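Trainee: I'd like to ask you about the structure that follows.
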Amino acid sequence: MAEQFDVVIIGAGAAGLMCAATAGYQGQSVLVLDNAKKPGRKILIAGGGKCNFTNTRVEPQHFICDNPHFVKSALARYPSSEFIELVERHGIDIEERDHGQLFCQHSAKDIVDMLLTECDWAGNQIRLRHEILSIQASAKGYLVNTNQGEFQAANLVIATGGLSMPKLGATPFGYQVAEQFGLSMANTRAGLVPFTLHDHDKTKFEPLSGVSLPVVISAENGVSFARDLLFTHRGLSGPAALQISNYWRPGESVSIDYLPQKPVLETLGAMAQSKPKQTLKNALARLLPKRLVETLFDEAQLEIQISQLNKALQAQIEQQVHRFAIRPNATEGYRTAEVTLGGVCTDELSSKTMEAKKAPGLYFIGEVVDVTGWLGGFNFQWAWSSGVACGLAM
Ligand code: FDA
């Protein structure tokens with residue numbers, strides 16, 4: 001005999017736990033199932049163990065989705081201010097960093113503990129190490145068959161996340177359920193992920209490994225971000241590279257402005273007034289990391305005095321410093337990606353409740369849906385907001 005619940009949620013991650021607490025407070029009997037040993041594993045490692053749990057400024061334009069309007073309803077219903085209030089009610093000390101990013105002062109575990117406490121207060125049951133063997137639609141809703149028994153519920157919520165970081169238990173389960181019920185999918189790819197370089201660029205940039213500097217980085221579609229870029233022994237990383245990776249397609253290049261808001265030729269011109277014999281190398285090394293300067297120009301160019309720069313070299317300096325174009329080889333893929341772009345098509349879901357239009361009682365929330373946030377706490381905010389939207393619908 002299958003155990004009966006009003007709601008079964010598969011996935012004890014950010015979205016699943018948030019949804020469970022919300023539905024429980026609505027008076028629903030809720031069971032959360034997960035195949036992992038621990039709940040909220042991605043929360044625990046997020047933000048270097050401090051979890052960037054939301055952002056002070058969350059707008060629909062911070063999300064990538066085939067339908068840019070889809071996120072509006074859930075974000076309006078459960079904005080970041082509500083989650084901040086919840087965190088503060090639980091006495092968690094928080095810290096605001098640049099770009100409005102909010103982190104735990106002590107540990108990401110505080111967020112997991114808070115969610116588990118909320119689930120406990122809401123009367124939810126959470127069962128881990130449950131492998132889902134099959135899901136079937138039935139007269140009473142959905143029947144979930146696991147390695148530890150069968151569960152029946154009128155409402156089934158899929159909160160199994162995306163494909164990023166398989167070593168943390170990411171699986172394509174949610175996408176398979178969507179396919180089983182005839183829901184279309186937007187193609188998936190790794191997002192918020194470092195770039196790898198072609199061999200010739202890798203050799204050239206390897207000596208820069210560890211150098212970090214503020215840049216403006218742009219994709220071919222014109223989207224750009226002002227964040228820090230980090231050179232690594234594999235390629236390009238840091239917030240700038242991760243942000244633009246969401247907008248990059250294989251074969252495209254990215255353009256980097258190494259001196260945003262400081263026109264290099266004007267600055268060199270001013271320097272030439274006071275020190276005309278200064279070499280290009282010494283002048284640029286006052287503006288940019290020396291190792292970067294040595295990579296961008298050849299030795300002979302760097303020995304030229306700044307009062308002697310001809311038009312061709314001036315154009316090259318302008319290009320190399322403000323519009324440096326590089327064509328990444330690939331991204332590091334799901335192994336290190338923070339998120340998965342694509343997923344269950346939003347056209348298939350109600351934006352108010354996350355219920356599948358073709359399968360009443362079946363819901364998809366969090367990262368499994370074709371909604372991807374920028375770096376900065378937006379992906380967790382989507383998990384909280386979509387989880388609440390769904391939980392309130394029960
Ligand atoms: P999530 O992945 O959290 O949960 C899915 C759950 O489903 C897991 O518990 C998993 O075990 C379970 N599951 C999967 N397959 C299953 C199956 N077949 N059967 C049963 N259970 C199954 N975002 C942000 O806003 N700020 C940040 O600081 C970071 N930092 C960060 C760092 C790193 C290293 C990563 C990988 C990701 C981030 N993120 C982030 C992204 C963020 O973690 C992510 O968007 C949310 O966790 C998504 O929440 P979900 O609940 O949708 O999935």
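Trainee: State which residue pairs qualify: first residue at negative phi and inside segment 247-266, second residue of a type in the set (Gly, Ala, Ser) and open to solvent by 50 Å² or more (accessible area, probe 1.4 Å) in any location, beta carbons under 7 Å apart, and separation of 6 or more residues or different chains.
Mentor: Close Cβ pairs satisfying both conditions: SER253/ALA325; SER255/ALA325; PRO260/ALA226.
Trainee: Look through ILE9, ILE43 and report the one residue that is assigned to a helix (DSSP H, G or I) and either open to solvent by 20 Å² or more (accessible area, probe 1.4 Å) or under 21 Å from PRO172 (Cα atoms) (or both).
Mentor: On the way: ILE9 fails: assigned to a helix (DSSP H, G or I).
None of the other options fit; the residue is ILE43.
Trainee: Could you say which residue among VAL87, VAL71 is among the aliphatic types (A, V, I, L, M), more than 10 Å from the ligand (Cβ to nearest atom) and in contact (Cβ under 8 Å) with a residue 60 or more places away in the chain? Break it down stepwise before answering.
Mentor: On the way: VAL87 fails: in contact (Cβ under 8 Å) with a residue 60 or more places away in the chain.
Testing whether each residue is among the aliphatic types (A, V, I, L, M), more than 10 Å from the ligand (Cβ to nearest atom) and in contact (Cβ under 8 Å) with a residue 60 or more places away in the chain leaves just VAL71.
Trainee: Within segment 60-136, considering only strands (runs of 3 or more DSSP E) that don't extend past its boundaries, which have at least 3 residues that are modelled with pLDDT of 95 or more and either open to solvent by less than 20 Å² (accessible area, probe 1.4 Å) or under 28 Å from ASN246 (Cβ atoms) (or both)?
Mentor: Per the criteria, 94-96, 101-104.
Trainee: If I ask for residues that are within 11 Å of the ligand (Cβ to nearest atom) and either in contact with a Pro (Cβ under 6 Å, 6 or more places away or on another chain) or among the hydroxyl-bearing types (Ser, Thr, Tyr) (or both), which ones from segment 340-394 would you list?
Mentor: Within segment 340-394, THR340, THR372, LEU375, SER386 meet the criteria.
The values are calculated or read from the model by the stated rules, or taken from the named source; none is laboratory data. Not measured: the values here are computed from a predicted model. All Cβ positions, even for glycine, are placed from backbone atoms using ideal geometry, and neighbour counts span all protein chains on display. The protein model used for the area step is the full one, side chains on, heavy atoms only, and it has no ligands, DNA or RNA in it. Shrake-Rupley method; radii C 1.70, N 1.55, O 1.52, S 1.80 Å.
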